[in-house]
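Colleague: Here's a structure for you.
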Amino acid sequence: MTISRRTFGVGSAATVAGLALGSRAEAQGLAKEAEAALYEAAKKEGQLTYYTAHYAIEHAEGFGRAFTAKYPGVKCNVVRTTAQVAYQRLNQELKAGGPQCDVFASTDISHCLELKSKGLLERFTPANAKTMLASLQDVDPEGYFHTTSIGVVAITYNSSKVKAGDVPRKWTDLTDPKWKNQVSVGHPAFSGYVGIWVWQMMSLYGWDYFEKLKGNNPQIGRSIQDTLTHLRSGERSVASGAVQTEFESKLKGEPIDVAYPEDGTVIIIAPSAIVKGVKNPNAAKLFLEFMTSREASELSASYFIESNHAGIKPKAGKPLSEVKTLVAPADKLLKGIADVKERWRDTFGV
C-alpha cells in the first residue's frame with residue numbers, strides 16, 4: 001500500500017468515515033473473540049521477546065508492562081535498540097539457527113520488506129488491525145507486517161538558546177552558516193527514523209543538501225534520541241528530532257520545542273511482524289493484537305505519540321492534517337536506505 005500525503009492527512013483528520021460504525025463494531029467483536037482464543041494458547045507459552053526501535057526505552061517498557069498487566073501469565077521481554085542494530089541482531093540470529101525474538105518492530109519499513117521477500121516472516125493479520133485508521137491498514141496487503149506506530153520527525157531546538165524569530169522554518173535552514181557547530185543529527189546506519197529522514201531530504205534537495213550540512217559541522221549521534229541529549233546539554237541548538245520525546249521534555253519544563261518545517265514534516269510508518277520459526281507464536285500474535293488495539297493507541301497518546309485510531313489525540317503538537325507531511329513509499333526505501341547509508345559514510349566519514 002502506498003500512503004500518500006493526501007491519504008495520511010485525511011486519515012488523521014476524519015477517518016471515522018473510513019470505517020462505518022457497523023463494520024467497526026463487527027471488527028471489534030471479532031477482535032475480542034480472537035483475543036480470548038490467543039490468550040489461552042499464549043498462557044501455555046508464558047512469554048514473548050519483543051525487539052523494538054519504535055519508542056524511547058521507557059515507553060517501550062511501558063507497552064511491555066501494559067501487555068503483561070492485561071494478560072497475566074504472559075510476560076513481555078522488551079529489547080529496545082535502534083532499528084539498524086535490531087535488524088543486524090535478528091539477521092545474525094537467523095544465520096545462527098533461529099530467532100531469539102518473537103516480534104520484530106522496526107522504524108525502517110524496508111526491513112520488513114526484505115524479511116518478507118526472503119520468506120522469513122509469518123503471515124498473520126490481527127483482528128484489531130481492521131479497527132485502526134484506514135490510512136494505516138494494509139501497509140502490507142498480504143498481511144506479513146502491520147503498522148503499530150507512527151513517528152514524526154521535525155525541526156527541534158533548545159528554546160533557551162534560539163530566539164523565536166531565529167527558529168528554522170525549513171529543513172534547508174539547517175544548512176545556513178549561521179548554524180555552524182549548532183546542528184545535531186542522528187545516523188542513518190543506526191536509526192530507522194534518521195535513515196528515512198535522510199532519504200526524504202535527498203529526494204527533496206539532492207545529496208548536495210548533506211554536502212552543505214557537512215559545512216556546518218553537525219554533531220552526529222546514533223539514535224535520533226541522541227539529538228535530544230545534545231539539545232538538553234546545550235551542546236547544540238537545533239536538530240532533526242523525534243517530535244514525541246521533544247514535547248514530553250517541553251511539558252516537563254525543559255527548554256525544548258518543535259517547529260513543523262514548511263517543506264514537510266517527515267512521517268515514519270513503523271511496522272511490526274512475527275518472525276518465522278519463533279518460540280512463542282501464540283504470544284507473539286496476542287502481542288500484535290494488543291499493539292493494534294485502541295487501548296495501545298491510548299497509551300501511545302499518553303506518551304505524546306500519534307494514535308493509530310480515530311478520535312485519540314496526543315498530549316501536544318499539531319494534528320498532522322494541519323501540516324505538510326512527507327511519507328516515503330515503502331518500495332523506494334528498500335534500496336534507498338542502503339544507498340543513503342553509503343553516501344553518508346562517504347560524506348561524513350562515520
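Bear in mind these aren't lab numbers, they're just calculated from the coordinates by the rules spelled out. Everything numeric in this text was worked out from a predicted model, so none of it was measured. For neighbour counting, all protein chains shown are included, and Cβ atoms are generated from backbone atoms with ideal geometry for every residue, glycine included.
Colleague: Using only the Cα atoms of segment 256-304, what are the Rg and Dmax in Å?
Modeller: Answer for segment 256-304, Rg first and Dmax second: 16.0, 47 Å.
Colleague: Helix-derived [θ] at 222 nm for the chain: sum -39500 (n - 2.57) over DSSP H runs of at least 4, divide by residue count, nearest 500?
Modeller: Numbers: 12 runs with 150 residues, N = 350.
Helix-only estimate at 222 nm: -13500 deg cm²/dmol.
Colleague: Also, I was wondering about something else. Provide the packing ranking of 176-187, 51-62, i.e. peptides ordered by the mean count of other C-beta atoms within 10 Å per residue, highest first.
Modeller: Numbers: 176-187: 18.6, 51-62: 21.4.
Descending mean neighbour count gives 51-62, 176-187.
Colleague: For the chain, set up a GNM with springs between Cα atoms under 10 Å and report which of LYS332, LYS214, LYS324 has the largest fluctuation.
Modeller: Judging by the Gaussian network model, the answer is LYS332.
Colleague: So what's the net charge close to ASP331: Lys and Arg +1, Asp and Glu -1, counting the other residues with Cβ under 15 Å from its Cβ?
Modeller: On the way: positive: LYS116, LYS332, LYS335; negative: ASP108, GLU114, ASP138, ASP140, GLU142, ASP339.
It works out to a net charge of -3.
Colleague: Moving to a separate point now. Compute the relative contact order of segment 175-262 as a whole-number percentage, counting only Cα pairs closer than 8 Å that sit 6 or more residues apart in sequence.
Modeller: 34 percent
Colleague: Any chance you could list P(r) for segment 91-151, counting all Cα-Cα pairs in 5 angstrom bins from zero, rounded to whole %?
Modeller: Each 5 Å bin holds this share of Cα pairs: 4, 16, 27, 26, 16, 7, 4, 1.
Colleague: Restricting things to alpha carbons, find the Rg to Rh ratio for the chain using the Kirkwood radius for Rh.
Modeller: On the way: Rg = 19.7 Å, Rh = 20.4 Å.
Taking Rh as the inverse mean 1/r over Cα pairs, Rg/Rh reads 0.96.
Colleague: Percentage of Cα-Cα pair distances in segment 121-271 greater than 28 Å, rounded to whole percent? If you can, show how the numbers build up before the last one.
Modeller: Working: 2893 of 11325 pairs.
It works out to 26 percent of all Cα pairs.
Colleague: What order, most packed first, do the peptides 205-213, 119-127 have when packing is the mean number of other Cβ atoms within 10 Å of each residue?
Modeller: Details: 205-213: 15.4, 119-127: 17.8.
Order by mean packing, descending: 119-127, 205-213.
Colleague: Continuing with the same structure: Take every Cα-Cα pair in segment 203-334 and report what % of them are more than 21 Å apart. Display every interim value, and only then the final one.
Modeller: Details: 4900 of 8646 pairs.
That fraction is 57 percent.
Colleague: In straight Cα distance, which lysines are under 24 Å from LYS170, not counting same-chain residues fewer than 8 positions off?
Modeller: LYS161, LYS178, LYS180, LYS212, LYS214, LYS250, LYS318, LYS324, LYS332, LYS341
Colleague: What is the sum of charges, Lys and Arg at +1 and Asp and Glu at -1, for the other residues whose Cβ falls under 10 Å from the Cβ of SER110? All intermediate terms of the calculation are to be shown ahead of the outcome.
Modeller: On the way: positive: LYS332, LYS335; negative: ASP108, GLU114, ASP331.
Cβ neighbours under 10 Å give a net charge of -1.
Colleague: Separate question: Can you give the convex hull volume per residue for the Cα atoms of segment 202-280, as a whole number of Å³?
Modeller: 171 Å³
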